[in-house]
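Shown next, in structure tokens, is the structure this report addresses.
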Amino acid sequence: MIRRIQLALFVVAGVTAAWVGYGAVRAAVYREVNIARIENAPLPAPLPAATVVVADAKAADKDDGLGPDGVVGVLEIPRLKLSEVVASGEDDKTLKVAIGHLLDTPLPWAQGNSVLAAHRDTHFRPLRDIRHGDLVRLKTRKGVFEYSVTDTMIVAPTDVWVMAPSEERRLTLVTCYPFNYVGSAPQRFIVRAEAR
């Protein structure tokens, strides 16, 4: 009887390990393929903040600039050695393989507050070490957009004001907090970056 229980537990452990491994490999392949697509695409030089002025974000999105699979671009924070794919959407499927762009906010090449979210224990793990003034770069099919970190804060999940529209081009990064928390984290870590 004990041998059967041991065998059953061994099979469950093997299936669980295979499932986790599959998810990790799937995310890694998605990341590498889409980073290569963005890196190999001809991109214009970084744009100053005043270059992108769009009165109507919906009109700017007619040519949405999204790549295959809804890829927005690649987010880089050089000092943290962070380089991750950003995809359109905030559902579980998207957040398993990429940083998600919140659909209710403008895309990065449009005027306003573009909000990106990711899990604290995957794509946004390096944010624990972010500092004021850090360079944040977003490479897209519409251009390269550079930002400087201006603020970090910890808020309640109900504090949605951090996603409020803005007049200037801004990038807001959102992840759960504390970073080492086990389970559903009670707070959110916010990074605000203004266009350079």
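The values are calculated or read from the model by the stated rules, or taken from the named source; none is laboratory data. Because the structure is a prediction, the values reported are computed rather than measured. Note that we place each Cβ from the backbone using ideal geometry, even for glycine, and neighbour counts take in every protein chain shown.
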Worksheet item: Does segment 94-105 contain at least one residue that is over 14 Å from the mean Cα position of the chain (by Cα), crowded, with 20+ Cβ neighbours inside 10 Å and more than 18 Å from residue 188 (Cβ to Cβ)?
Response: no
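Touching a Cys at 6+ places or on another chain (Cβ under 6 Å) and of a type in the set (A, V, I, L, M): which single residue out of 185, 195, 117 fits that description? So that I can check it myself, show each step before the final result.
Numbers: 195 fails: touching a Cys at 6+ places or on another chain (Cβ under 6 Å); 117 fails: touching a Cys at 6+ places or on another chain (Cβ under 6 Å).
Being touching a Cys at 6+ places or on another chain (Cβ under 6 Å) and of a type in the set (A, V, I, L, M) holds for just one of 185, 195, 117, which is 185.
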Worksheet entry | Members of segment 118-152 that are over 16 Å from the mean Cα position of the chain (by Cα) and assigned to a loop (DSSP other than H, G, I, E, B) | 131, 132, 133, 134, 141, 142
Worksheet item: Do we have residue 110 as assigned to a loop (DSSP other than H, G, I, E, B), buried (at least 17 other Cβ atoms within 10 Å of the Cβ) and either on the phi > 0 side of the Ramachandran plot or in contact with a helix residue (DSSP H, G or I) (Cβ under 6 Å, 6 or more places away or on another chain) (or both) here?
Response: yes
Worksheet item: Here is a list of conditions, (1) modelled with pLDDT of 95 or more; (2) farther than 13 Å from residue 86 by Cβ; (3) in contact with a Pro (Cβ under 7 Å, 6 or more places away or on another chain), and residue 170 meets all of them except one; can you say which number that is?
Response: (3)
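When the residues of segment 161-196 are filtered to those that are among the aromatic types (Phe, Trp, Tyr) and crowded, with 17+ Cβ neighbours inside 10 Å, which remaining residue is farthest from residue 77 (Cα to Cα)?
Residues of segment 161-196 among the aromatic types (Phe, Trp, Tyr): 161, 177, 179, 181, 189.
Applying the additional criterion that residues be crowded, with 17+ Cβ neighbours inside 10 Å yields 177, 189.
Details: 177: 19, 189: 16 Å.
Within segment 161-196, the match that is farthest from residue 77 (Cα to Cα) is 177.
If a residue must be part of a loop (DSSP other than H, G, I, E, B) and among the β-branched types (Val, Ile, Thr), how many such residues does segment 65-105 contain?
Total meeting the criteria: 1.
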Practice prompt. Would you be able to tell me the number of residues in segment 129-150 that are modelled with pLDDT under 95 and either farther than 18 Å from residue 169 by Cβ or polar (S, T, N, Q) (or both)?
Written response: 1
Worksheet item: What are the pairs, 6+ residues apart or on separate chains, where a residue within segment 1-30 that is surrounded by 10 or more Cβ atoms within 10 Å (Cβ to Cβ) has its Cβ under 6 Å from a residue that is at pLDDT 80 or above?
Response: 27/97; 30/97
